[in-house]
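One structure is given below, encoded as structure tokens.
The values are calculated or read from the model by the stated rules, or taken from the named source; none is laboratory data. Owing to the predicted nature of the structure, the values given are computational and were not obtained by experimental measurement. Glycine also receives a Cβ, built like all others from the backbone with ideal geometry; neighbour counts cover every protein chain displayed.
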Amino acid sequence: MLAVAVLAAGKGTRMKSSLPKVLQPLAGATLLERVIKNSSCLNPDRLLLIVGHQAERVQQQLQNHPGKPEFILQQPQNGTGHAIQQLMAPLAEFDGNLLVLNGDVPLLKQETLAQLLAMHCQSGAEATLLTAMLENPNGYGRVFSNNDGEVTAIVEDRDCDCEQRQNKLINAGIYCFKWSALKKVLPTLSSENDQGELYLTDTIAMLNNAKHLIVSDISEITGINDRQQLADCEAMLQDRIRQHWLKEGVSFIDPKSCTISEETQFGRDVVVEPQCHFRGNCKIGNSCRIGPGSLIIDAEIGNDATVLMSVINSAKIGDGCNIGPFAHLRPQADLGENVRIGNFVEIKKSTIGSGSKVNHLSYIGDAKLGLNVNVGAGTITANYDGKNKHLSTIGDNSKTGANSVLVAPVTIGSNVVIGAGSTITKDVQDNSLAIGRARQYNKENYQSLN
Ligand code: UD1
Ligand code: CA
């Protein structure tokens, strides 16, 4: 049996935030969501979240989590040992291993946790913890071991003497305990330390044969106590994601200038130019060229597409499309193949058929365009009457002249030509020319009359 407990009751004073620390976002997910996800591969029988500071807010955010967490209230928050003492009642009948995770250590790899658990089970230790050698161990608890590699004590940074502080082996805040052994020593913790709190780390010296597993990739064990560490973790996570995609055949011209969500998927031979950002659930096909300077959110882009200096949000772009510079594709823009969207064009909730072009200065909203439509510069679909949105339809091979306004609801047939500067309020039949503007009147000799 395995229970996972996450320490998530602390305030996170050093963040200087109204948000509880474990709800701080890191690359699109909260610290707490990340910590839970890291342990989900172990399929724990119980998931216990210890909450305290702004408990309701934390609980509200996590109550529908698929891991079915049990929320354990720690009030007041009297240290990490006190937090685990709150499990005495809910785990009274439990017999197995307890994996304790710090809610503020978000970048642990699933393999590392699996390795920790395997080592713990094989060695028969009453406790096994993750450690790391840090060049700068400031702020972390220091881990001391004997010649047999057994951990004898953990001393918090603020409780260390000068000599102890030289030790670079640190406690990562991730522990596997034999619950039957831990529950015997938990009630004996004392608060005789600099913070006057009950420390979970003090149990280690009281348990038999405590072992530790040294993690070599320090990004995994970085704890987040302040905004600097939050930014550091964001940078480390981004490094990991970019390295993954570099290995998978994506080129980055200036990798560090780009950010990518973990959900984003790229095909082969994609080139990402500088200053591009991919957020949410993006899917980019093979041989696309994105950037420089584009923001792509929850978008699906086919193969061989080009996006230059544009914002694409919840839109779908077919193979061979050419977007930008300075285009804005908004939710439910759905482009067929080889569509051209040019400068200063905004598309919202519209289907644009293959081969169509919207090249300059247009707004296309709530519209359905057929194949090979040519939308003239400055064409606007006037979709909103002040109360409701209405649909504009344009058939295959039609052309709108520059500065046309299509007042929706309106249907333009196929092979239609619309004269420049027209305001179209009535439907137009296939193969027609529609002109809806005042006739030009020239007053001759106007100047000489004055
Ligand atoms: C803790 C460890 C330290 C380790 C470091 C790794 C202790 C005493 N120290 O120090 O050895 O090197 O993590 O990152 O455990 N929390 C509660 N209830 C409380 C206090 C804290 O749930 O009463 C939670 C916090 O929300 C946080 C976690 O426990 O998620 C760790 O608390 P924090 O105060 O950040 O401990 P550190 O000083 O970082
Ligand atoms: Ca911490």
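Answer yes or no: is there a residue in segment 210-218 that is within 36 Å of the chain's Cα centre (by Cα), on the phi > 0 side of the Ramachandran plot and either within 16 Å of ligand 2 (Cβ to nearest atom) or without any contact (Cβ under 8 Å) to a residue 40 or more places away in the chain (or both).
Checked against the condition, which is being within 36 Å of the chain's Cα centre (by Cα), on the phi > 0 side of the Ramachandran plot and either within 16 Å of ligand 2 (Cβ to nearest atom) or without any contact (Cβ under 8 Å) to a residue 40 or more places away in the chain (or both), segment 210-218 yields no hits at all.
Residue check, M119 against (1) surrounded by 14 or more Cβ atoms within 10 Å (Cβ to Cβ); (2) closer than 30 Å to A27 by Cα, all met but one. Which one?
(2)
Which residue, of Q63, Q77, Q110, is surrounded by fewer than 20 Cβ atoms within 10 Å (Cβ to Cβ) and either under 30 Å from S191 (Cβ atoms) or in contact with a Pro (Cβ under 6 Å, 6 or more places away or on another chain) (or both)?
Exactly one residue qualifies, and that residue is Q77.
Restricting the first residue to segment 53-70 and requiring it to be of a type in the set (D, E, K, R), which pairs with a second residue that is part of a helix (DSSP H, G or I) meet a Cβ separation below 8 Å and a spacing of at least six or different chains?
Within 8 Å, the pairs are R57/L23.
Please work out which residue is farthest from P44 (Cα to Cα), limiting yourself to segment 1-15 and to residues that are within 8 Å of ligand 1 (Cβ to nearest atom) and over 22 Å from the mean Cα position of the chain (by Cα).
Selected residue: K11.
Restricting to segment 124-149, count the residues that are away from ligand 1 (no atom under 13 Å from the Cβ), buried (at least 16 other Cβ atoms within 10 Å of the Cβ) and charged (D, E, K, R).
Here the count works out to 1.
Return a yes/no flag: does segment 168-187 have any residue that is part of a helix (DSSP H, G or I), surrounded by 13 or more Cβ atoms within 10 Å (Cβ to Cβ) and at pLDDT below 95.
There is no residue in segment 168-187 that is part of a helix (DSSP H, G or I), surrounded by 13 or more Cβ atoms within 10 Å (Cβ to Cβ) and at pLDDT below 95.
Taking the conditions exactly as written (out of contact with any strand residue (DSSP E or B) (no Cβ under 7 Å at 6 or more places or on another chain) and either within 16 Å of ligand 2 (Cβ to nearest atom) or at positive phi (or both)), does P20 satisfy them or not?
Yes, satisfied.
So, in segment 203-235, exactly how many residues are assigned to a helix (DSSP H, G or I) and either near ligand 1 (Cβ under 8 Å from one of its atoms) or under 30 Å from A27 (Cα atoms) (or both)?
Total satisfying the criteria: 13.
Filter segment 2-16 for residues that are in a loop (DSSP other than H, G, I, E, B) and surrounded by fewer than 20 Cβ atoms within 10 Å (Cβ to Cβ); which is farthest from ligand 2 (Cβ to nearest atom)?
If we take residues in segment 2-16 being in a loop (DSSP other than H, G, I, E, B) and surrounded by fewer than 20 Cβ atoms within 10 Å (Cβ to Cβ), then K16 is farthest from ligand 2 (Cβ to nearest atom).
Quick check on my filter: what residues within segment 125-163 are within 16 Å of ligand 2 (Cβ to nearest atom), in contact with a Ser or Thr (Cβ under 6 Å, 6 or more places away or on another chain) and outside any strand (DSSP E or B)?
Of everything in segment 125-163, just one residue is within 16 Å of ligand 2 (Cβ to nearest atom), in contact with a Ser or Thr (Cβ under 6 Å, 6 or more places away or on another chain) and outside any strand (DSSP E or B), namely G141.
Out of the residues in segment 80-106 that are assigned to a loop (DSSP other than H, G, I, E, B) and within 13 Å of ligand 1 (Cβ to nearest atom), state the one that is surrounded by the most Cβ atoms within 10 Å (Cβ to Cβ).
Within segment 80-106, the match that is surrounded by the most Cβ atoms within 10 Å (Cβ to Cβ) is G103.
Condition check ((1) of a type in the set (K, R); (2) without any contact (Cβ under 8 Å) to a residue 24 or more places away in the chain; (3) within 28 Å of L295 (Cα to Cα)) across all residues:
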| position | (1), (2), (3) |
| --- | --- |
| H328 | no, yes, yes |
| F344 | no, yes, yes |
| L371 | no, no, yes |
| K399 | yes, no, no |
| S404 | no, no, no |
| G421 | no, yes, no |
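Scan the strands (runs of 3 or more DSSP E) fully inside segment 355-410 and keep the ones with 2 or more residues being of a type in the set (S, T, Y) and under 37 Å from the mean Cα position of the chain (by Cα).
Because the criterion is at least 2 residues that are of a type in the set (S, T, Y) and under 37 Å from the mean Cα position of the chain (by Cα), the strands (runs of 3 or more DSSP E) in segment 355-410 that meet it are 392-394.
All but one of (1) more than 16 Å from ligand 2 (Cβ to nearest atom); (2) hydrophobic (A, V, I, L, M, F, W, C); (3) in contact with a Gly (Cβ under 9 Å, 6 or more places away or on another chain); (4) within 14 Å of L213 (Cα to Cα) hold for F177; which doesn't?
If we test F177 against (1) more than 16 Å from ligand 2 (Cβ to nearest atom); (2) hydrophobic (A, V, I, L, M, F, W, C); (3) in contact with a Gly (Cβ under 9 Å, 6 or more places away or on another chain); (4) within 14 Å of L213 (Cα to Cα), just (3) comes out false.
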